1. If you go through the range 69-98, how many residues are open to solvent by 30 Å² or more (accessible area, probe 1.4 Å) and among the aromatic types (Phe, Trp, Tyr)?
2. Between 32, 133, 57, which is of a type in the set (Val, Ile, Thr) and either within 30 Å of residue 149 (Cβ to Cβ) or touching a residue at least 40 places away in the same chain (Cβ under 8 Å) (or both)?
3. Considering only residues that are assigned to a helix (DSSP H, G or I), touching a residue at least 12 places away in the same chain (Cβ under 8 Å) and in contact with a helix residue (DSSP H, G or I) (Cβ under 7 Å, 6 or more places away or on another chain), look in the range 150-194 and name the one that is least open to solvent (accessible area, probe 1.4 Å).
4. Is the range 68-90 home to any residue that is more than 23 Å from residue 129 (Cβ to Cβ) and of a type in the set (Ser, Thr, Tyr)?
5. Consider the range 17-66. How many of its residues are surrounded by fewer than 18 Cβ atoms within 10 Å (Cβ to Cβ), touching a helix residue (DSSP H, G or I) at 6+ places or on another chain (Cβ under 6 Å) and within 22 Å of residue 112 (Cα to Cα)?
6. So, of the residues in the range 93-122 that are hydrophobic (A, V, I, L, M, F, W, C) and under 15 Å from the mean Cα position of the chain (by Cα), which turns out to be modelled with the lowest pLDDT?
7. From the set of residues in the range 1-44 that are more than 29 Å from the chain's Cα centre (by Cα) and not in a helix (DSSP H, G or I), which is modelled with the lowest pLDDT?
8. For the range 195-206, which residues satisfy the criterion of being modelled with pLDDT of 90 or more and either open to solvent by less than 60 Å² (accessible area, probe 1.4 Å) or in a loop (DSSP other than H, G, I, E, B) (or both)?
Amino acid sequence: NRELRASEERMRFVLEATGDGIWDWDIETNRISHNEAWCHMMGLDKRFLSHPIADYIERIHPEDLPAVRQALEESTQGPAVFAAEYRMLHGRGHYFWVSDTGKVVDRDIDGKARRMVGCAKNIDERKRSEADIQRLAYFDPLTELPNRRLFMDRLQQAMVNNARNHVLGALLFLDMDHFKQLNDTHGHAMGDAMLIQVASRLTGNVPE
């Protein structure tokens, strides 16, 4: 018993040190328990160390909920490990990204899941970095308009779609009069200002 308690204590220290949020879902009672690190990550007080699973579900972003439900169903109905990345509502009212993994650790004699445990990590910073990289790759940093790479990708998609559905499309080319003269006379800063102004007018007059 002493060895078991010591082992559990060491495991608790390790889990707390990582800062990861640990959850333990009693599927039969539909209650879920957490460690303090989970509450801290979520911006919630210790009242949320244990609560109905419905309270947890309500904090998942509505757009991400169907994928989370599907992943949970696959892991409770079969041997699959639960793994999902989704947004959670923080105690301060904003959404942030988590990476969540879990596994069924107890089933009844008929194989029905009774208990599931898992670990959630805050990956909000990683997601922001990925979004920044994506934006740099496909959007012009000056005008914030889609760049040539994204344009070519969308153009190819449109051509394939048109061919499949036997419809036609039109490509509009827009040029700016005396742009080179503006750059040569007033400098590139003024040329950039004009590009920003044109981009602003374009985005204000076309659908998203």
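The values are calculated or read from the model by the stated rules, or taken from the named source; none is laboratory data. Because the structure is predicted, anything quoted here is derived from the model rather than measured. In this analysis, Cβ positions are derived from the backbone assuming ideal geometry, glycine residues included, and neighbour counts consider all displayed protein chains. Quick note on the areas: whole protein, heavy atoms, side chains included, nothing else; ligands and nucleic acids left out. Shrake-Rupley method; radii C 1.70, N 1.55, O 1.52, S 1.80 Å.
1. 2
2. Only one candidate qualifies: 133.
3. So, considering only residues that are assigned to a helix (DSSP H, G or I), touching a residue at least 12 places away in the same chain (Cβ under 8 Å) and in contact with a helix residue (DSSP H, G or I) (Cβ under 7 Å, 6 or more places away or on another chain), the one least open to solvent (accessible area, probe 1.4 Å) is 191.
4. Checked the range 68-90: at least one residue is more than 23 Å from residue 129 (Cβ to Cβ) and of a type in the set (Ser, Thr, Tyr).
5. 1
6. Among those that are hydrophobic (A, V, I, L, M, F, W, C) and under 15 Å from the mean Cα position of the chain (by Cα), it is 120.
7. Only one residue fits best here, namely 1.
8. 195, 198, 199, 204, 205
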